[in-house]
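Novice: Could you have a look at this structure, given as structure tokens, before my questions?
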Amino acid sequence: MNKHALALAAVALAAFSLPVAAQDKTFDLKFSSWVPPSHGMHPAIKDWGDSLTKATGGTVKVTLYPAQQLGKADDHYDMARDGIAELTYIALGYQAGRLPMGEAVNLPFLMTNADGGSRAVDEWYRKYYAKEMSDVKMCLAFVHDPGALHSKKKITLPADIKGMKIRSAHGTMADFVTSLGGTNVRVSAPESRQALESGVADAITFPWKSIVLFGIDKVVNFHMDLPFYVSGFAWLMNKGSYEKMSASQKKAIDAHCSTDWAAKVGKAWGDYEAAGRAEIRGMAGHTVYTLTPAEIAAWRKAAEPVYTKWTEQATKTGVNANQALSELQGLLKKYKSEFK
């Protein structure tokens, strides 16, 4: 074969080989969730995964593992860090003190809806999360629709909490309960019904539809209709898995780890939870009640020590806590979700 023919053959071989060399590796990412398959957040996970698969030409797929199949709720940060699951979501306050800036989101009487609230929280927390989560990649942060106080008796004033045993949503709510003379009951969402049924707890801070989803409507029948609190969450990814991806795959991941997606996830779960309010109101034997302006003012006044404690803890991390909280409140106002 002459030199010209050899050169043509080499060019042809290179052209044939290029698509194979350029082909991205495939990834099937395990997404671990600790709530049941029917939970309102799971459709958002599916939409996010389907969109990511499309954006990567099918090379990155996401498989959901619900209901604590891969690990307990409290373990999901470590699971993302250690690669037990490539993707998880965590409650920012399940392990009190671990994520002090993230716990600002959990302060009571802060916001009124999940979509604007999630947009504000994600935009705000991106400035602070890296210091708290250096060993994982945070994809996005969001909140659920504001939860309320659900109990076996009617509660209208902070003084009513004294002597009660309350399953708190997170560490910040636990501080609030104990500051009012109550006892905090530390159990995860899936364990809450049993705690109430057995008498270990008398009341619970919980979002509305999840009261029905977890069967808690069978053991409590008074429901305070007030945006009492939210729980903040973060969607995490294993750093090693991300680093193994091609530049184009990383670009797609980054595009899906955005404030816009945080708002979508928050709204999807928020709409689901908000629908539970009307459902419970229509149930026989249940009382959904509102508070007077004076009663609301009493609750907000009673929450001031919790704000002070968060400010002190956040200041220890080296940030200007008052300025940070003001920034968050400003974003909540911008996105029409602040508690007035």
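The values are calculated or read from the model by the stated rules, or taken from the named source; none is laboratory data. Note that the structure is a prediction, hence the values are computed from the model and not measured. Here Cβ is always computed from backbone atoms with ideal geometry, including for glycine, and neighbour counts include all displayed protein chains.
Novice: Please count how many residues of the range 68-101 are touching a Gly at 6+ places or on another chain (Cβ under 6 Å) and closer than 22 Å to residue 306 by Cα.
Specialist: 3
Novice: Of everything in the range 295-340, what is surrounded by fewer than 16 Cβ atoms within 10 Å (Cβ to Cβ), part of a loop (DSSP other than H, G, I, E, B) and either out of contact with any Phe, Trp or Tyr (no Cβ under 9 Å at 6 or more places or on another chain) or basic (Lys, Arg) (or both)? Give them in sequence order.
Specialist: Answer for the range 295-340, where residues must be surrounded by fewer than 16 Cβ atoms within 10 Å (Cβ to Cβ), part of a loop (DSSP other than H, G, I, E, B) and either out of contact with any Phe, Trp or Tyr (no Cβ under 9 Å at 6 or more places or on another chain) or basic (Lys, Arg) (or both): 316, 318, 320, 336, 340.
Novice: Could you pull out every one of the strands (runs of 3 or more DSSP E) wholly within the range 201-256 that has 3 or more residues that are touching a helix residue (DSSP H, G or I) at 6+ places or on another chain (Cβ under 7 Å) and more than 18 Å from residue 62 (Cβ to Cβ)?
Specialist: Details: elements: 203-206, 222-224, 232-237.
Strands (runs of 3 or more DSSP E) meeting the threshold: 203-206.
Novice: Here is a list of conditions, (1) under 22 Å from the mean Cα position of the chain (by Cα); (2) free of Cβ contacts under 8 Å to residues at least 60 places away in the same chain, and residue 211 meets all of them except one; can you say which number that is?
Specialist: All conditions are met except number (2).
Novice: Sort out which residues of the range 104-118 are assigned to a helix (DSSP H, G or I) and buried (at least 24 other Cβ atoms within 10 Å of the Cβ), and write them in order of number.
Specialist: Within the range 104-118, the subset assigned to a helix (DSSP H, G or I) is 104-106, 114-118.
Correct list: 104, 105, 106, 114, 117, 118.
Novice: Can you name the residue in the range 172-199 that is part of a loop (DSSP other than H, G, I, E, B) and in contact (Cβ under 8 Å) with a residue 40 or more places away in the chain and, of all such residues, is nearest to residue 299 (Cα to Cα)?
Specialist: 180
Novice: Scan the range 272-294 for residues that are surrounded by 15 or more Cβ atoms within 10 Å (Cβ to Cβ) and charged (D, E, K, R) and jot them down.
Specialist: 273, 277
Novice: Considering only residues that are over 27 Å from residue 340 (Cβ atoms), in a loop (DSSP other than H, G, I, E, B) and in the same structural domain as residue 239 (by TED's automatic domain parsing), which ones fall in the range 119-153? Talk me through it step by step, then tell me what you get.
Specialist: In the first step, residues of the range 119-153 are kept if they are over 27 Å from residue 340 (Cβ atoms); the result is 129-139, 152-153.
Now restrict to residues that are in a loop (DSSP other than H, G, I, E, B): 133-136, 152-153.
Listed by number, the residues that qualify are 133, 134, 135, 136.
Novice: Something else about it: Are there any pairs, at least 6 apart or on different chains, whose C-beta atoms fall under 9 Å, with the first in the range 256-284 and over 19 Å from residue 227 (Cβ atoms) and not assigned by TED's automatic domain parsing to the domain that holds residue 53 and the second not small (Gly, Ala, Ser) and not in a helix (DSSP H, G or I), and if so, which?
Specialist: The qualifying pairs are 283/221.
Novice: Only one of (1) touching a residue at least 12 places away in the same chain (Cβ under 8 Å); (2) farther than 30 Å from residue 122 by Cα fails for residue 325. Which number is that?
Specialist: (2)
Novice: Could you list, ordered by first residue, the pairs with Cβ atoms under 6 Å in which the first is in the range 69-89 and outside the structural domain of residue 190 (by TED's automatic domain parsing) and touching a residue at least 60 places away in the same chain (Cβ under 8 Å) and the second is of a type in the set (Lys, Arg) and outside any helix (DSSP H, G or I), at least 6 apart or interchain?
Specialist: Pairs that qualify, where the first residue is outside the structural domain of residue 190 (by TED's automatic domain parsing) and touching a residue at least 60 places away in the same chain (Cβ under 8 Å) and the partner is of a type in the set (Lys, Arg) and outside any helix (DSSP H, G or I), are 85/30; 86/30.
Novice: Which residue, of 118, 151, is in contact (Cβ under 8 Å) with a residue 12 or more places away in the chain, in contact with a helix residue (DSSP H, G or I) (Cβ under 8 Å, 6 or more places away or on another chain) and not basic (Lys, Arg)?
Specialist: Sole residue among the options that is in contact (Cβ under 8 Å) with a residue 12 or more places away in the chain, in contact with a helix residue (DSSP H, G or I) (Cβ under 8 Å, 6 or more places away or on another chain) and not basic (Lys, Arg): 118.
Novice: Determine which member of the set 225, 217, 202 is farther than 23 Å from residue 338 by Cα, of a type in the set (Asp, Glu) and either in contact with a Phe, Trp or Tyr (Cβ under 7 Å, 6 or more places away or on another chain) or touching a residue at least 60 places away in the same chain (Cβ under 8 Å) (or both). Explain how you work it out, then say what you get.
Specialist: Numbers: 225 fails: farther than 23 Å from residue 338 by Cα; 202 fails: either in contact with a Phe, Trp or Tyr (Cβ under 7 Å, 6 or more places away or on another chain) or touching a residue at least 60 places away in the same chain (Cβ under 8 Å) (or both).
When all the criteria are applied, what remains is 217.
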